[in-house]
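Notes follow once the structure below has been shown.
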Amino acid sequence: MNQHPRLSGKPGRALRCTVLGIVMAAVTGCGHDQDLLHKSQLLAMGTLVDISIWTRDDGLAQRAIATVTQELNDAEHRWHAWRPSPLTEINSKIAAGQPATVDALTRDLIKKSQILASASDNLFNPTIGKLIEVWGFHTDDRPDVPPPAQDQIDALLANAPAMADLHIDGDHVTSTNRHVQLDFGGIAKGYAVDLAVDKIRKLGVRNAIVDAGGDLRAIGSHGDRPWRIGIRNPRGPGVIASLEARGDESIFTSGDYERYFIYKGKRYHHIIDPRTGYPSTGATSATVIHSDAATADAAATALIVAGPKKWRAVAKSMGLKYVMLVDSKGTVYMTPAMAKRIKFQIEPPPKVIVAQP
Ligand code: AMP
Ligand code: MG
């Protein structure tokens, strides 16, 4: 346990860019060789996605941008949790106690989610679609209506849906529990970013960031310097901290500020603790760096649920090296490896507790 040293000295040019740049986005666009940076924005998976490709080959950049756009749009359609989609079809079949036909990508996503759910002690649990729905988050704009009744929550908890209830046989999935309702909101963005980055790599892209609303995978570098990433301040404007991405890394943050409603002065956010059926408490954001975006995404969701009391155990069981958690008082908890890379961007810097998982 130790305090993180204060940032000292005047911020340099790149640092000013970080602070002034897009919140929670990869910081790009400052510095020379600006014409080698190709940028594009789109709306996909419920968020604004920034694509940055650093290359001398304009044609390659355009092909890469089109590829990422296509991959993310496909993923949004395939795994949409409430608009009619292949996923809502699968959920209907499960509810009817029938086998559902699943495409190869969805089978892979299910298998990956089973491993991650199990490693997180089911704090990452993408089968709680019903709970997320009764909380009103299966809409684009949740109206400020009351939270669900305790009876309703208790009944859904008693059904105990889990990824382990699902069984894949050939191109079919069956569930031993009809109450499983898949909602991949906690992992699909990461999984789709992995698909997109793998594809543009095959096209020949070496330096890029695919940033889906602050959740991103960065490969290579921004010319002669690393990509610099800002991590959004969960309780204030701008970024709480920044770090440099190394080679090929995904940096994902789950925050209670992303989707929420207020009822009678109390805030209810979109990440549900599968143990209580209520929005998780204790942490306001959780950030994970990992080599693959799907794991970073699922782990960040699991860790915000785990909160300050359980984050170390979950980080350990999920095999995570880089974790940062901010609690409701603003205290920052980090693994030692994360602490070495984080540069705080708020004054005064927060209280920091560094602990080995
Ligand atoms: P993220 O921003 O990655 O943490 O994902 C949040 C989204 O994941 C929510 O909007 C829900 O769709 C879904 N979700 C909520 N709670 C959980 C949970 N405990 N496990 C898995 N997915 C969840
Ligand atoms: Mg997530």
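The values are calculated or read from the model by the stated rules, or taken from the named source; none is laboratory data. None of these values were measured; they are calculated from a predicted model. Virtual Cβ from ideal backbone geometry, glycine too; neighbours counted across all protein chains shown.
Annotations
- Residue in the stretch 196-206 that is part of a strand (DSSP E or B) and of a type outside the set (Lys, Arg) present: no
- The set of residues from the stretch 138-156 being closer than 26 Å to residue 119 by Cα and in contact with a helix residue (DSSP H, G or I) (Cβ under 8 Å, 6 or more places away or on another chain) comprises 153, 156.
- Residues located in the stretch 244-255, provided they are within 17 Å of the chain's Cα centre (by Cα) and part of a strand (DSSP E or B): 248, 249, 250, 251, 252, 253, 254, 255
- Residue 174 away from ligand 1 (no atom under 16 Å from the Cβ) and either assigned to a strand (DSSP E or B) or acidic (Asp, Glu) (or both): yes
- Residue list for the stretch 92-126, filter: closer than 27 Å to residue 306 by Cα, buried (at least 17 other Cβ atoms within 10 Å of the Cβ) and away from ligand 2 (no atom under 15 Å from the Cβ): 106, 110, 114, 121
- From the options 192, 188, residue that is touching a Phe, Trp or Tyr at 6+ places or on another chain (Cβ under 6 Å), within 16 Å of ligand 1 (Cβ to nearest atom) and within 30 Å of residue 289 (Cα to Cα): 188
- Matching option when the condition is outside any loop (DSSP other than H, G, I, E, B), in contact (Cβ under 8 Å) with a residue 12 or more places away in the chain and among the charged types (D, E, K, R), among 144, 154: 154
- Any hit, the stretch 268-281, residues being more than 21 Å from residue 46 (Cα to Cα) and assigned to a strand (DSSP E or B): no
- Flag for residue 258 being charged (D, E, K, R), assigned to a strand (DSSP E or B) and in contact with a strand residue (DSSP E or B) (Cβ under 9 Å, 6 or more places away or on another chain): no
- The condition (being assigned by TED's automatic domain parsing to the domain that holds residue 287 and buried (at least 23 other Cβ atoms within 10 Å of the Cβ)) is satisfied by just one residue among 212, 196, 188: 212.
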